[in-house]
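What follows is a short report on a single structure.
Bear in mind that the values in this text are calculations on the coordinates, not laboratory data. Not measured: the values here are computed from a predicted model. We place every Cβ from the backbone using ideal geometry, glycine too, and count neighbours over all the protein chains shown.
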Number of protein chains: 2
Amino acid sequence: CIGSMGPAWAADPLPSWNDGKAKQAIVSFVTRTTGEGSPDFVPPEQRIATFDNDGTLWAEKPIYTQLLYAIDKVKEMAPRHPEWKQKEPFTSIIEGDTKKALEGGKPALMQLIAATHTGISGEEFHDSVRQWLSTARHPETNKPYTEMIYQPMLELLNYLRANGYKTFIVSGGGIDFLRAFAESTYGIPPEQVVGSSLKAWYEVRDGKPVIVKLPEVNLIDDKAGKPVGIYQHIGRRPVFASGNSDGDFEMLQWTTAGSGPRFGLLLHHTDDQREWAYDRESHVGRLDKALKAASKEGWTVVDMHDDWKVIFPWGDR
Amino acid sequence: CIGSMGPAWAADPLPSWNDGKAKQAIVSFVTRTTGEGSPDFVPPEQRIATFDNDGTLWAEKPIYTQLLYAIDKVKEMAPRHPEWKQKEPFTSIIEGDTKKALEGGKPALMQLIAATHTGISGEEFHDSVRQWLSTARHPETNKPYTEMIYQPMLELLNYLRANGYKTFIVSGGGIDFLRAFAESTYGIPPEQVVGSSLKAWYEVRDGKPVIVKLPEVNLIDDKAGKPVGIYQHIGRRPVFASGNSDGDFEMLQWTTAGSGPRFGLLLHHTDDQREWAYDRESHVGRLDKALKAASKEGWTVVDMHDDWKVIFPWGDR
Ligand SMILES: [Ca+2]
Ligand SMILES: [Ca+2]
């Protein structure tokens, strides 16, 4: 195939990327692993590429989008739950004090998830997320969340797919939340989405079979859980993995420790003007250990400020 | 695309199927759901087809292949486990009395699985299964187990795929066992295999990252567990589902209860000469409830004796 060899006269597959080391490393890797006769050739069925979502495919500031969904749902459901007026973290959410609500840590978060993500059917949840995404707006840009996505990463997804790579999301976020928009937003079908999950149950309700989401954790697809999620869902080690935080350390480690050509991509948020700049000190998307390890592990660090011509499909923040 | 409309002059996509009601129903369904402009057209991304494995894609008599693997492994491991000489179900296995070993029911089975499927890495298990499959032979036909597959079902898989369907295995068998041969045997890649699973853990062993299989059940992908496994792995209701036992009842029920065109296929083992004949009374692949429901549910029952010209790729038993 002519296109996959990327001859000089072909259209640039990554037009939003500046011509620096990161872009060169990506193009070199794709060319080497897909060119017939290349010593680094990877058979098509092994071309698995995994992408973290929050902070890698879309923005995660000021706070994770899924959490904003849960907060809005709590407010919407509050009139039917008078008991929430005296029950944290709900009381603080209803009073608009998200910070206080989240002081309860993981147990508080799990209560929010249980209240807003469970007891309903998979299809009801899916519809609810899609409905919310169609009206909710980012607090700083006033854009729909599905437009807070990174144009250069969309190009990378397309470039990999055009070269026979199968692209997967591997996110710490909820798998069902992701599946509600991944196909229309990224062209990634539900069966190629891996994420944190709750247990589920099958039953016939009023003569209609449904999957019911249960308030019990099935998998936390973060840190060491990412290789486990990949193993369970994909059943094969990726050759390309990308992330932006310490939650991706093990996924990149496991991916790039495999034999043959491997690619680890670490996206560093360095542009406080056009997006946000954060790493070691951030509560959301903390990047410390993985950044320190990148050079030794041979991972490619993408500097958002230097490597990207534009950030969002509609321009910059 | 010319081929997908199946004009009269095109080669028969299902040459091992007799021209009866079952074949006609399959061809009609595929034609209706893939023809541009057809009122029953199903968009390509929704063309999900699921297949049970034991007794649907390959033979399950006299007993499940995965169990035979576990038995052989116990015998192979026995010299390193002198304590097994006085510990059921291992004692009976070592003494060659499988029937007695299995009298312990599910706890005995779980002990066999724990002993032979866990504590090792995912890659070690994969290699062990492939090694075993390359030498083990079916006790009655003396064929490799990967040749105890149904030629008409291979044709059906190919026919569906040629028409834009994505084919998945959804089996009560172990997901990692299935993934060791599904790609080379059926052309189904690991990421399209759903099965029963154990928990797993990620760790760095001697500087090398590995996935370790743990002796704790993650999902029993059988009966009501099949729709749950489909929901977790595929995230979308199939439009085509096929099975051969009561373990497939809920998968077929959930699939065919969806709106729009749906296909439920139930394979009935009716040929004691060329394969095996069994249903209500069988311990392996018991088929009772699903067979009774087939007519009311609109499922297509495939009669192996009447509908199949040949059974195995190499001929008949
Ligand atoms: Ca992230
Ligand atoms: Ca079966």
What is the ratio of the Cα radius of gyration of segment B:242-300 to 2.2 N^0.38 Å, where N is its residue count, to two decimals? 1.15
Given contacts defined as C-alpha pairs under 8 Å and at least six residues apart, what's the relative contact order of segment A:34-149, whole-number percent? 21 percent
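Can you compute the charge dipole magnitude of segment A:138-289 about its Cα centre, using +1 on each Lys and Arg Cβ and -1 on each Asp and Glu Cβ, nothing else charged? Give it in debye, rounded to the nearest 20. Don't skip to the end; give the middle numbers.
On the way: 17 positive and 20 negative charges, 123 e Å.
About 580 debye.
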Give or take rounding to whole Å, what are the principal axis extents of the alpha carbon atoms in segment B:66-140, in descending order? 32, 30, 24
What does the copy distance list look like for A:Gln24, label position 7 Å along Cα→Cβ, in nm and ordered from shortest? 6.7
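Show me the three semi-axes of the equivalent ellipsoid for segment A:159-221, from the C-alpha gyration tensor (sqrt of 5 times each eigenvalue), largest first, rounded to whole Å.
Values: eigenvalues 151, 43, 15 Å².
So the equivalent ellipsoid measures 27, 15, 9 Å along its semi-axes.
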Relative to the longest principal axis of chain B, what angle (0 to 90°, nearest 10) does the C-alpha long axis of helix B:105-117 take? 80 degrees
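Averaged across B:210-218, how many Cβ atoms of other chains sit within 10 Å of each residue's Cβ atom?
Per-residue shielding by partner chains comes out at 2.
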How crowded by other chains is A:230-242, given as the mean number of beta carbons from other chains within 10 Å of each beta carbon? 5
State, to one decimal in nm, how far the label point of B:Glu124 lies from the label point of B:Ser295, with both points 7 Å from Cα in the Cβ direction. 5.4 nm
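Quick one: work out the % antiparallel among DSSP beta bridges in the protein assembly as shown, nearest 5. Show your work: numbers first, answer last.
Working: 28 of 66 bridges.
Of the beta bridges lying entirely in the protein assembly as shown, close to 40 percent run antiparallel.
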Measuring from a point 7 Å out along Cα→Cβ, what nm distances, shortest first, does B:Gly298 have to its partners in the other copies? 5.5
Relative contact order [Cα under 8 Å, 6+ residues apart], chain B, whole percent: 21 percent
For B:Gly104, place a label point 7 Å from Cα along the Cα-to-Cβ direction in every copy; what are the distances to the other copies, in nm, shortest first? 4.5
Just name one of A:Trp17, A:Ser38, A:Ile63: the one whose Cα is farthest towards the positive end of the charge dipole of segment A:1-132 (beta-carbon charges, Lys/Arg +1, Asp/Glu -1). A:Ile63
Alpha carbon centroid spacing (whole Å) that separates segment A:129-156 from segment B:147-173: 38 Å
Angle check, please: helix A:21-34 long axis (alpha carbons) against the longest principal axis of chain A (alpha carbons), in degrees 0 to 90, nearest 10. 80 degrees
Enumerate by residue number the trypsin sites (Lys or Arg not before Pro) in segment B:93-158 meeting two conditions: DSSP loop (anything except H, G, I, E, B), and at most 14 other Cβ atoms within 10 Å of the site's Cβ. B:Arg137
Under a point-charge model restricted to the Cβ atoms of Lys and Arg (+1) and Asp and Glu (-1), what is the dipole moment magnitude of segment A:1-149 relative to its Cα centre, in debye to the nearest 20? 300 debye
With both bridge residues required to lie in chain B, what share of the DSSP beta bridges run antiparallel, to the nearest 5%? 40 percent
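Which loop GluC sites (Glu not before Pro) in segment B:119-216, with loop taken from DSSP, have no more than 15 other Cβ atoms within 10 angstrom of their Cβ? The partial results should precede the final answer.
Details: sites: B:Glu123, B:Glu124, B:Glu140, B:Glu147, B:Glu155, B:Glu183, B:Glu191, B:Glu203, B:Glu216; in loops: B:Glu140.
Loop-located and lightly packed - B:Glu140.
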Sites A:Glu76 and A:Trp201 - FRET efficiency at Förster radius 30 Å, r taken between beta-carbons, to 0.05: 0.75
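Any idea what diffusion coefficient segment B:139-191 gets from Stokes-Einstein, in µm²/s, Kirkwood Rh on alpha carbon pairs, 37 °C, 0.692 mPa s? Please report the intermediate quantities before stating the final value.
Numbers: Rh = 12.2 Å.
For the chosen part, D equals 269 µm²/s.
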Toy charge model, Lys and Arg Cβ at +1, Asp and Glu Cβ at -1: chain B dipole around Cα centroid in debye, rounded to 20, equals 400 debye
P(r) tail for segment B:141-282, what percent of Cα pairs lie past 17 Å? 68 percent
From other protein chains only, count the Cβ atoms within 10 Å of every residue's Cβ in B:247-254, then give the mean. 2
Considering only B:Gly119, B:Pro152, B:Gly96, whose Cα is most displaced toward the positive end of the charge dipole of segment B:77-154, charges sitting on Cβ of Lys, Arg (+1) and Asp, Glu (-1)? B:Gly96
When only alpha-carbon atoms are used, what values of Rg and Dmax, in angstrom, describe chain A? 20.3, 68
What base-10 log of the normalised intensity I(q)/I(0) is obtained for the protein assembly as shown from the Debye formula, alpha carbons as equal point scatterers, at q = 0.09, 0.10, 0.12 Å⁻¹? -0.81, -0.99, -1.36
With the contact rule set at Cα under 8 Å and sequence spacing of 6 or more, what percent relative contact order holds for segment A:160-317? 15 percent
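Note down the Stokes-Einstein diffusion coefficient of segment A:21-102 in µm²/s, whole number, using a Kirkwood radius over alpha carbon pairs, 37 °C, and 0.692 mPa s.
On the way: Rh = 16.8 Å.
Translational D for this selection: 195 µm²/s.
Report, in deg cm²/dmol and to the nearest 500, the calculated mean residue ellipticity at 222 nm for chain A, where each DSSP H run with n ≥ 4 adds -39500 (n - 2.57) and the sum is divided by the residue count.
Details: 13 runs with 116 residues, N = 317.
About -10500 deg cm²/dmol.
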Which loop-located trypsin sites (Lys or Arg not before Pro) does segment B:248-297 contain, where loop means any DSSP state but H, G, I, E or B and the Cβ has at most 14 other Cβ atoms within 10 Å? B:Arg280
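How many percent of the alpha carbon pairs in segment B:85-222 exceed a separation of 20 Å?
More than 20 Å apart: 59 percent of the Cα pairs in segment B:85-222.
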Between B and A, which B residue has the Cβ nearest their rotation axis, distance in Å? B:His233, 3
Would you compute the Debye intensity of segment A:223-268 from its alpha-carbon atoms alone, equal scatterers and no solvent, and pass along log10 I(q)/I(0) at q = 0.15 Å⁻¹ to two decimals? -0.32
